[in-house]
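So the structure is just underneath, and the comments pick up after that.
The values are calculated or read from the model by the stated rules, or taken from the named source; none is laboratory data. Please read all numbers here as calculations on a predicted model, not as lab measurements. Cβ coordinates were reconstructed from backbone atoms using ideal geometry, including for glycine residues, and neighbour counts include every protein chain displayed.
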C-alpha cells in the first residue's frame, strides 16, 4: 500500500477515534487526526524507499551537518572530517540495525512499546493519537491488498 493511502486511513481512523472514543472538540479532532496520519506512516520505516524513511534520512543528514559544524568549531576541514565520520556511522547503523520489512516494526507488540514511549515523552493525548495511526497502518496492511 502506498504512503498516501496509509496517511488518509490514519487521518480518518484518528478522527473517528477522537470523536467517538474521546468526544473531542473540533480542534482536538484536527490535532489528533494529524498525529494519527503521520504515525500511520511510521511502521514503514523499515522500508528504505518509504516516505518516512526518506524524511528520516533527510533529518539524519541535517543532524550530521549540524553536529559536524558544532564539533568543528567553524573549521571547514574539521567539519568535513566530522561529517564523513558521522555520515559513515549513520549509514552503518542503517545497514546493520534496520529490521526486515514487515518484521518487528509491523507488530502489535512494537505498537504497544512505541505508544508507551510516546506516553512518557508527550502524554496520553499524543500516545493515543500515535497508537490510533499506527494501528490503522497495521490493520490496513492486514486487510487491504498490498503492492
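Taking (1) at negative phi; (2) without any contact (Cβ under 8 Å) to a residue 24 or more places away in the chain in turn, residue 9 satisfies each apart from (2).
Scanning segment 52-62 finds no residues that are touching a residue at least 60 places away in the same chain (Cβ under 8 Å), within 15 Å of the chain's Cα centre (by Cα), closer than 24 Å to residue 138 by Cβ and surrounded by fewer than 18 Cβ atoms within 10 Å (Cβ to Cβ). Within segment 4-40, if we keep just the residues that are within 12 Å of the chain's Cα centre (by Cα) and closer than 14 Å to residue 131 by Cβ, the residue that is surrounded by the fewest Cβ atoms within 10 Å (Cβ to Cβ) turns out to be 38.
Among the residues of segment 62-74, some residue qualifies, meaning at least one is under 30 Å from residue 32 (Cα atoms) and modelled with pLDDT of 90 or more. Scanning segment 63-100 for residues that are loosely packed, with under 15 Cβ neighbours inside 10 Å and part of a loop (DSSP other than H, G, I, E, B) yields a count of 5.
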